[in-house]
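**Student:** Sharing a structure, written as structure tokens. Questions coming.
The values are calculated or read from the model by the stated rules, or taken from the named source; none is laboratory data. If you're wondering where the values come from, they're calculated on a predicted model, not measured in any experiment. Don't worry about glycine lacking a Cβ; one is built from the backbone with ideal geometry, like all the others, and counts go over all protein chains shown.
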Amino acid sequence: MSVSLETEIPGTGSIPTALRPPRDQTSVPEEHLLNSANAGFLIHRVGQLKNEFRDEGLEFSSELVELINSKQAGYISIFHFEELFGTHNRLHWLLHLKRPDDYARMLDMVDHNDTWRDVSQRNRLPRKGGGNWERMFVEGSMSETIICPQHGLSAHDDTDHDEDHEHAGDTFQPAALHQTTLPPERLLNSVNSALTVHRTFRVPYALREEARVFAFEWCGYVNQALEGRMTAFLYEEMWGRQDTLHLLLHATSLDSYHRLLDMERNDRGLRALRDSQRLPEAAGGAVWHSTLIEGSQRDTLWVPVHRSAKAEGTAP
């Protein structure tokens, strides 16, 4: 999809800011990359860079992203982001796999690939006491969360997924692109979008089904209303905290995100969806806010990390 990635940061007057999508982080062609729409198993990794080592840390991360993408094309794709209006120097990596057993390919590369050894062990801090990534990140700040596309809520899931494995790329769970009726070329994802909002929230066990249905319908409404500007996908945390749901909202610009916020306040259709009764009166008549645990919803706005022109070896 061809979209304009030029936007204007609110409060900066007429200063234009180009938001380059994550696909520019790698030399691998986009058609060979896994993304949030076609992957069946995603790993979200977070790490806190020390201020002193920001430049070296971003260089290390950029080299790692290119190495993994080029060596594992078709099996593993990874992109890195940092928070906008969040915690300074907090990096986010999103790894995309078809199936969890593909992770073994990366472990094998860690043990046997000379380029990996150079990237991860080279002295990157010769004037700052020496060392590599292990000195650049705050101790204990690295964490990983596994999320998989939510399934069982769309018409696609009424069919036998086993029969569809060959056509769906043999994914661990049905890929998120099956959550919408929009054609793949009209979807934004973690490869072609300028911004990503990571929304997380927890739901009460008693309303876990109603919460998933509401989140699925909410995504469907947003995808139709903001087609070409924002795409929302729903995921569930695996081997982590029970009944924690994740949304990845991929947007072309900050303006698209503000459009979503305005819709949540003023759009009649979205308001009707939010006000629709999720349980019969006899069961309490719950609406959407009853399906979320109070205070658990959190939005984090990610922007793709890109090396400077100097670091990339191009003219500034």
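**Student:** Is it the case that TRP133 is modelled with pLDDT under 95 and touching a helix residue (DSSP H, G or I) at 6+ places or on another chain (Cβ under 7 Å)?
**Tutor:** In short, yes.
**Student:** Considering segment 73-93 alone, what residues qualify as being hydrophobic (A, V, I, L, M, F, W, C) and assigned to a strand (DSSP E or B)? Show your work before the answer.
**Tutor:** Step one: of segment 73-93, the residues hydrophobic (A, V, I, L, M, F, W, C) are 73, 76, 78-79, 81, 84-85, 91, 93.
Matches in segment 73-93: ILE76, ILE78, PHE79, PHE81, LEU84, LEU91, TRP93.
**Student:** For residues that are modelled with pLDDT under 95, surrounded by 12 or more Cβ atoms within 10 Å (Cβ to Cβ) and assigned to a loop (DSSP other than H, G, I, E, B), tally how many sit in segment 1-23.
**Tutor:** Of the residues in segment 1-23, 6 are modelled with pLDDT under 95, surrounded by 12 or more Cβ atoms within 10 Å (Cβ to Cβ) and assigned to a loop (DSSP other than H, G, I, E, B).
**Student:** Cβ-Cβ below 6 Å, separation at least six or inter-chain, first residue in segment 61-77 and acidic (Asp, Glu), second surrounded by 22 or more Cβ atoms within 10 Å (Cβ to Cβ): which pairs?
**Tutor:** Within 6 Å, the pairs are GLU66/THR26.
**Student:** Could I ask something else about it? Would you point out the residue of segment 141-154, among those that are modelled with pLDDT of 95 or more and not hydroxyl-bearing (Ser, Thr, Tyr), that is nearest to LEU58 (Cα to Cα)?
**Tutor:** MET142
**Student:** All but one of (1) over 29 Å from ASP55 (Cβ atoms); (2) of a type in the set (Ser, Thr, Tyr); (3) surrounded by 15 or more Cβ atoms within 10 Å (Cβ to Cβ); (4) modelled with pLDDT under 95 hold for TYR257; which doesn't?
**Tutor:** Against the list (1) over 29 Å from ASP55 (Cβ atoms); (2) of a type in the set (Ser, Thr, Tyr); (3) surrounded by 15 or more Cβ atoms within 10 Å (Cβ to Cβ); (4) modelled with pLDDT under 95, TYR257 comes up short only on (1).
**Student:** Quick test of your reading of the structure: ALA211 fulfils all but one of (1) under 17 Å from GLN150 (Cβ atoms); (2) surrounded by fewer than 20 Cβ atoms within 10 Å (Cβ to Cβ); (3) modelled with pLDDT under 95. Name the failing condition by number.
**Tutor:** It is condition (2) that ALA211 fails.
**Student:** Does segment 115-136 include one or more residues that are within 30 Å of GLU217 (Cβ to Cβ) and surrounded by fewer than 17 Cβ atoms within 10 Å (Cβ to Cβ)? If you could, list the steps in order and put the result at the bottom.
**Tutor:** Kept after step one, since they are within 30 Å of GLU217 (Cβ to Cβ), are these residues of segment 115-136: none.
Within segment 115-136 (the criterion being within 30 Å of GLU217 (Cβ to Cβ) and surrounded by fewer than 17 Cβ atoms within 10 Å (Cβ to Cβ)), the answer is no, since none of the residues qualifies.
**Student:** Somewhere in segment 50-63, is a residue surrounded by fewer than 19 Cβ atoms within 10 Å (Cβ to Cβ) and touching a Gly at 6+ places or on another chain (Cβ under 9 Å)?
**Tutor:** Yes, segment 50-63 has at least one match.
**Student:** Against the condition modelled with pLDDT under 95 and among the β-branched types (Val, Ile, Thr), how does THR26 come out, does it pass? Don't jump to the end; show me each part of the working.
**Tutor:** Details: modelled with pLDDT under 95: no; among the β-branched types (Val, Ile, Thr): yes.
Judged against the criteria, THR26 is not a match.
**Student:** Here are the criteria: (1) at pLDDT below 95; (2) under 25 Å from the mean Cα position of the chain (by Cα). Tell me which single one GLU163 does not satisfy.
**Tutor:** It is condition (2) that GLU163 fails.
**Student:** Please work out which one of (1) modelled with pLDDT under 95; (2) within 22 Å of GLY295 (Cβ to Cβ); (3) surrounded by fewer than 20 Cβ atoms within 10 Å (Cβ to Cβ) is the condition THR244 fails and give its number.
**Tutor:** Unmet condition: (1).
**Student:** Where in segment 94-148 are there helices (runs of 4 or more DSSP H), lying fully within it, with 3 or more residues that are among the polar types (S, T, N, Q)?
**Tutor:** Values: elements: 103-112, 114-121, 133-136.
In segment 94-148, the matching helices (runs of 4 or more DSSP H) lie at 114-121.
**Student:** For the structure I just gave you, tell me whether ALA215 is of a type in the set (A, V, I, L, M), under 29 Å from ARG99 (Cα atoms), free of Cβ contacts under 8 Å to residues at least 60 places away in the same chain and touching a Leu at 6+ places or on another chain (Cβ under 7 Å).
**Tutor:** On the way: of a type in the set (A, V, I, L, M): yes; under 29 Å from ARG99 (Cα atoms): yes; free of Cβ contacts under 8 Å to residues at least 60 places away in the same chain: no; touching a Leu at 6+ places or on another chain (Cβ under 7 Å): yes.
No, not satisfied.
**Student:** Would you mind stating whether ARG45 is of a type outside the set (Phe, Trp, Tyr), closer than 27 Å to HIS258 by Cα, at pLDDT 95 or above and in a helix (DSSP H, G or I)?
**Tutor:** Values: of a type outside the set (Phe, Trp, Tyr): yes; closer than 27 Å to HIS258 by Cα: yes; at pLDDT 95 or above: yes; in a helix (DSSP H, G or I): no.
Spelling it out, it is not the case that ARG45 is of a type outside the set (Phe, Trp, Tyr), closer than 27 Å to HIS258 by Cα, at pLDDT 95 or above and in a helix (DSSP H, G or I).
**Student:** Out of the residues in segment 50-75 that are touching a His at 6+ places or on another chain (Cβ under 9 Å) and of a type in the set (A, V, I, L, M), which is nearest to SER193 (Cα to Cα)?
**Tutor:** VAL65
**Student:** For GLU83, work out the one condition from (1) under 27 Å from LEU254 (Cβ atoms); (2) buried (at least 21 other Cβ atoms within 10 Å of the Cβ); (3) in contact (Cβ under 8 Å) with a residue 24 or more places away in the chain it doesn't fulfil.
**Tutor:** With respect to (1) under 27 Å from LEU254 (Cβ atoms); (2) buried (at least 21 other Cβ atoms within 10 Å of the Cβ); (3) in contact (Cβ under 8 Å) with a residue 24 or more places away in the chain, GLU83 is out only on (2).
**Student:** Hey, another quick one. Of the residues ASN69, ASN51, which is touching a Ser or Thr at 6+ places or on another chain (Cβ under 6 Å) and modelled with pLDDT of 95 or more? Walk me through it before giving the result.
**Tutor:** Numbers: ASN51 fails: touching a Ser or Thr at 6+ places or on another chain (Cβ under 6 Å).
The unique qualifying residue is ASN69.
**Student:** For segment 174-228, enumerate the residues that are part of a loop (DSSP other than H, G, I, E, B), out of contact with any Pro (no Cβ under 7 Å at 6 or more places or on another chain) and not hydrophobic (A, V, I, L, M, F, W, C). Talk me through it step by step, then tell me what you get.
**Tutor:** Just the residues of segment 174-228 that are part of a loop (DSSP other than H, G, I, E, B), to begin with: 174-175, 180-183, 187-194, 203-204, 226-228.
Next, from what is left, pick out any that are out of contact with any Pro (no Cβ under 7 Å at 6 or more places or on another chain): 180-183, 187-189, 203-204, 226-228.
Those that are part of a loop (DSSP other than H, G, I, E, B), out of contact with any Pro (no Cβ under 7 Å at 6 or more places or on another chain) and not hydrophobic (A, V, I, L, M, F, W, C): THR180, THR181, PRO183, ASN189, PRO204, GLU227, GLY228.
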